[in-house]
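Below is one structure; the comments refer to it alone.
The values are calculated or read from the model by the stated rules, or taken from the named source; none is laboratory data. Keep in mind that this is a model prediction, so the values were computed, not measured. A quick note on method: Cβ atoms are made from the backbone with ideal geometry, for glycine too, and the neighbour counts reach across all protein chains shown.
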Amino acid sequence: GKRSLLDVCREGGVQFMAYSCVNGWPAVLSPAEDPHVRRIAARLSCTPAQVLIRWALRQGAGVLVRTRKPQRLPENLAAYDVELADDDAQLLDGLAQLHHSTTAGLAPAFVAGDAYG
């Protein structure tokens with residue numbers, strides 16, 4: 001079967017770095033604005049950014065997070081304390097897969113005009 005880039009990195013002892021896991025550029029819909037991410041964040045009483053950071057960490061990725069607001073540094077660090085359920089992680093895995101594989105004809109309605117088409 002196909003191996004993911006993350007799997008290849010793990011096998012080769014290479015640390016995969018998650019750059020821009022909160023900022024969705026060049027997509028119009030930021031991952032932090034995705035309704036599924038926002039729903040998970042609301043249920044866990046945390047920010048969408050914390051959900052996304054924790055998801056990337058759970059994958060074993062190193063995470064680079066930039067902020068212009070010093071008060072967000074503790075918020076970003078608190079992502080380590082977010083307990084992401086397996087179901088939530090699987091949903092986020094699916095969203096990441098969808099983002100990288102969806103053709104314009106299959107894009108969900110809430111991303112109209114996004115990088116999908």
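Here is how the numbers come out for the structure above:
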read-out	value
Search result, residues across the range 37-75 that are part of a helix (DSSP H, G or I), more than 29 Å from residue 11 (Cβ to Cβ) and out of contact with any helix residue (DSSP H, G or I) (no Cβ under 6 Å at 6 or more places or on another chain)	39, 42, 43, 44, 72, 73, 74, 75
Options 75, 83, 33; residue that is acidic (Asp, Glu), surrounded by 12 or more Cβ atoms within 10 Å (Cβ to Cβ) and at pLDDT 90 or above	75
